[in-house]
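In what follows, a single structure is set out as structure tokens and then discussed.
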Amino acid sequence: MATEYISIVFQPCEKGIRFIAAVKERVKRLLNKWYPSCHSTAHVTICRMEVTEEQLQRVIALLAERMRYEHAQHIYFDSFSTYPNSGTFFIDPTVQSKAFLLQKMRNVIAEAEKVTRVDKSKSPHLTISRGLDMDNLREVKNQDEFKTLDFDFFCKGIVLRHFDGEKKQYVPFLEIPFGNESKPGLEGGQLSFGF
């Protein structure tokens with residue numbers, strides 16, 4: 001049975017995608033070379049999985065139901081950081097935004113794991129570059145323009161992407177919005193006592 005690779009992400013709006021693309025381009029010019037992820041669309045990875053078409057449809061149904069009760073909000077990113085072991089240079093969310101994203105990630109992963117094994121992201125971040133050597137990482141980190149930033153986007157749902165073998169990148173195919181609904185039975189109201 002044929003399978004495909006799927007990733008689930010938070011993705012900024014078009015303006016945010018263009019902003020991150022410009023940051024990636026500045027890093028590319030600074031290093032004067034191509035690097036992994038320099039052309040990938042801005043995103044915060046939640047998880048990846050390998051699924052059959054039937055499994056994918058089950059994951060989508062579970063996520064669509066669960067996301068009805070998730071609430072949208074702005075998330076903020078304010079600093080650059082690195083994962084030296086993987087040569088990754090990335091943008092870190094603020095503490096409050098990280099907590100918001102982690103809670104959403106746990107809920108998405110819990111639903112996907114009902115169907116298949118998932119490769120989970122441990123900490124939400126927006127990757128600028130991967131696979132840099134230590135000299136490149138040091139060079140990028142020492143630039144004043146990559147010390148701090150003020151970036152945000154309205155996180156209003158999750159995006160499912162499938163791996164395109166020709167492009168060698170993940171391509172979005174479905175957005176599942178947060179429904180901003182209250183769970184049944186949690187509407188509040190007056191308590192009544194039987195006495």
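Mind checking the range 1-110 for chymotrypsin sites (Phe, Trp or Tyr not before Pro) that DSSP puts in a loop (not H, G, I, E or B) and that have at most 13 other Cβ atoms within 10 Å?
Listed in order of number, the matching sites are TRP34.
Using only alpha-carbon positions, what ratio does the radius of gyration of the chain give when scaled by 2.2 N^0.38 Å? If you can, show how the numbers build up before the last one.
Working: Rg = 18.9 Å, N = 195, 2.2 N^0.38 = 16.3 Å.
Normalised Rg, Cα atoms only: 1.16.
Students often get this wrong, so check it: of LYS120/LYS156; LYS15/LYS168; LYS147/LYS167, which have C-alpha atoms separated by over 22 Å?
Correct reply: LYS15/LYS168; LYS147/LYS167.
Find me the longest stretch of the chain that has none of the exposed GluC sites (Glu not before Pro), where exposed means in a DSSP loop (not H, G, I, E or B) with at most 15 other Cβ atoms within 10 Å.
Answer - 1-112.
Label points 7 Å out from Cα along the Cβ direction at ARG29 and ASP133: separation in nm?
2.5 nm
Hey, for a label at GLU145 modelled as a point 7 Å past Cα toward Cβ, could you say which residues of the range 21-39 have their backbone N under 17 Å away?
Zone members listed by number: 21-35, 38-39.
Can you work out the PRE-style zone for GLU53? Point 7 Å along Cα to Cβ, and I want the residues of the range 1-35 with backbone N under 18 Å.
What the label zone holds, given the 18 Å backbone N cut-off, is 1-6.
Along the range 73-83, what does the Karplus equation 6.51 cos²θ - 1.76 cosθ + 1.60 (θ = phi - 60°) give for ³J(HN,Hα), rounded to whole Hz, x for Gly and Pro?
6, 6, 10, 10, 10, 9, 8, 9, 8, 9, 10
In nm, give the distance between the simple-model label positions of SER86 and GLU65, each being 7 Å from the Cα along the Cα-to-Cβ direction.
My value for the distance between the label points is 3.1 nm.
Could you calculate the contour length gain from GLU181 to TYR5, that is, 0.36 nm times the residue separation minus the distance between their Cα atoms, to one decimal place in nm?
Gain on extension, GLU181 to TYR5, equals 60.3 nm.
I'd like the FRET efficiency for ALA99 and ASP152, computed as 1/(1 + (r/R0)^6) with the beta carbon distance as r and R0 of 22 Å, rounded to 0.05.
Given R0 = 22 Å and the Cβ-Cβ separation, E is 0.90.
Each reported figure results from applying straightforward, stated rules to the coordinates on display, with no laboratory input. Just so you know, these numbers come straight off a predicted model, no measurement behind them. Cβ sites come from the backbone with ideal geometry, for glycine too, and all protein chains shown count toward neighbours.
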